[in-house]
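Heads up, the thing below is written out as structure tokens.
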């Protein structure tokens, strides 16, 4: 048994060394079209600029029309910057009409648009969960289904989905975000397996906390959420729990040591450009650490997460629970 495990470890290390010293080549970007959602800021913004420099014809979707002039001024004349709200069927249909009028073959779709969310299950509404799912999951599903006919017109086209460590490990207070990312992971796996006969490649990017706008403002979000809670929920938890939660977020080591977003942009670039893109990319140390933790027994993961959840003081309601 030990011999088999040692052999497998040796094979894996040898394979990774081979990949490092003999990397597979990139494709020729000339004449190839790439569609990216969520290019206002962050990963999408950086990727649009990088792929444009490489020579791709970039379709950069932005949520806020006010961001159009800035991005347009940076990109080349090959690029097209346009309004795209992936939760609106009308926007997606207009995008399809515009893109299909310029090309009948789409080389890559990068589903990047996303929103963050924080709040306990007992604090948030079902509608708020739906809103996050609409952006982080259903929007990407709709985009993929709409542009699939253009993607499978040629072999080796690809779909790249921005997921997260939240797609394989769940933390308190992140139910909406976690659910949306778990769903996107599953959708990506199904898509890859169903469309393999068409030679459509599907890659999943699973970063941890990166220095982007999505990791900022959690303390303000919590205060706004608390102020909107029903009185019985506030009474159940107690305001001191809110204070501790805000304090924990302020001292969260993963957020404090959020990594350089260029790590994600480089992974995205490889997934789009390389002749042998990976199925999953885990850019940065946080993603790798969280993945290892996620493979541990559930009781051990629970212990580790609860141990570092310093804000998890006993709510007032829990102190008053009935005992047999």
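Residues in segment 14-27 that are surrounded by 10 or more Cβ atoms within 10 Å (Cβ to Cβ) and at pLDDT 75 or above: 23, 24, 26, 27. In segment 28-44, the qualifying residues are those that are part of a loop (DSSP other than H, G, I, E, B) and touching a residue at least 60 places away in the same chain (Cβ under 8 Å), and the one that is surrounded by the fewest Cβ atoms within 10 Å (Cβ to Cβ) is 41. Against the numbered list (1) under 27 Å from the mean Cα position of the chain (by Cα); (2) modelled with pLDDT under 90; (3) over 23 Å from residue 45 (Cβ atoms); (4) buried (at least 16 other Cβ atoms within 10 Å of the Cβ), residue 244 comes up short only at (1). Scan segment 67-74 and give yes if some residue there is assigned to a loop (DSSP other than H, G, I, E, B) and out of contact with any strand residue (DSSP E or B) (no Cβ under 7 Å at 6 or more places or on another chain), otherwise no. Scanning segment 67-74, I find no residue that is assigned to a loop (DSSP other than H, G, I, E, B) and out of contact with any strand residue (DSSP E or B) (no Cβ under 7 Å at 6 or more places or on another chain), so the answer is no.
Residues are listed down the side, and each one gets a yes or a no for (1) within 28 Å of residue 242 (Cβ to Cβ); (2) free of Cβ contacts under 8 Å to residues at least 60 places away in the same chain; (3) more than 14 Å from the chain's Cα centre (by Cα):
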{"site": "161", "(1), (2), (3)": "no, yes, no"}
{"site": "168", "(1), (2), (3)": "no, no, no"}
{"site": "173", "(1), (2), (3)": "yes, no, yes"}
{"site": "179", "(1), (2), (3)": "yes, yes, no"}
{"site": "182", "(1), (2), (3)": "yes, yes, no"}
{"site": "193", "(1), (2), (3)": "no, yes, yes"}
{"site": "204", "(1), (2), (3)": "no, no, no"}
{"site": "209", "(1), (2), (3)": "yes, no, no"}
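Just to be sure, is residue 232 within 22 Å of residue 128 (Cα to Cα), touching a helix residue (DSSP H, G or I) at 6+ places or on another chain (Cβ under 7 Å) and in a helix (DSSP H, G or I)? Against the criterion (within 22 Å of residue 128 (Cα to Cα), touching a helix residue (DSSP H, G or I) at 6+ places or on another chain (Cβ under 7 Å) and in a helix (DSSP H, G or I)), residue 232 does not qualify.
The residues listed here are 238, 284; of these, the one that is crowded, with 16+ Cβ neighbours inside 10 Å, within 16 Å of the chain's Cα centre (by Cα), at pLDDT below 95 and at positive phi is 284.
Mind telling me which of the residues 225, 293, 249, 254 ends up being closer than 30 Å to residue 44 by Cα, assigned to a helix (DSSP H, G or I), touching a strand residue (DSSP E or B) at 6+ places or on another chain (Cβ under 6 Å) and touching a residue at least 12 places away in the same chain (Cβ under 8 Å)? On inspection, the qualifying residue turns out to be 225.
Tally up the residues in segment 83-106 that are in contact (Cβ under 8 Å) with a residue 12 or more places away in the chain, within 19 Å of residue 40 (Cα to Cα), out of contact with any strand residue (DSSP E or B) (no Cβ under 7 Å at 6 or more places or on another chain) and in a loop (DSSP other than H, G, I, E, B), please. Looking only at that region, the number is 3. Against the condition in contact with a helix residue (DSSP H, G or I) (Cβ under 7 Å, 6 or more places away or on another chain) and part of a helix (DSSP H, G or I), how does residue 243 come out, does it pass? The answer is no for residue 243. Summed over segment 99-127, the residues that are touching a helix residue (DSSP H, G or I) at 6+ places or on another chain (Cβ under 7 Å), under 30 Å from residue 227 (Cβ atoms) and surrounded by fewer than 16 Cβ atoms within 10 Å (Cβ to Cβ) give a count of 2.
All of (1) closer than 23 Å to residue 129 by Cβ; (2) in a helix (DSSP H, G or I); (3) touching a helix residue (DSSP H, G or I) at 6+ places or on another chain (Cβ under 6 Å) hold for residue 265 with one exception: (1).
The values are calculated or read from the model by the stated rules, or taken from the named source; none is laboratory data. No experiment lies behind these values; they were computed from the predicted model shown. Here Cβ is always computed from backbone atoms with ideal geometry, including for glycine, and neighbour counts include all displayed protein chains.
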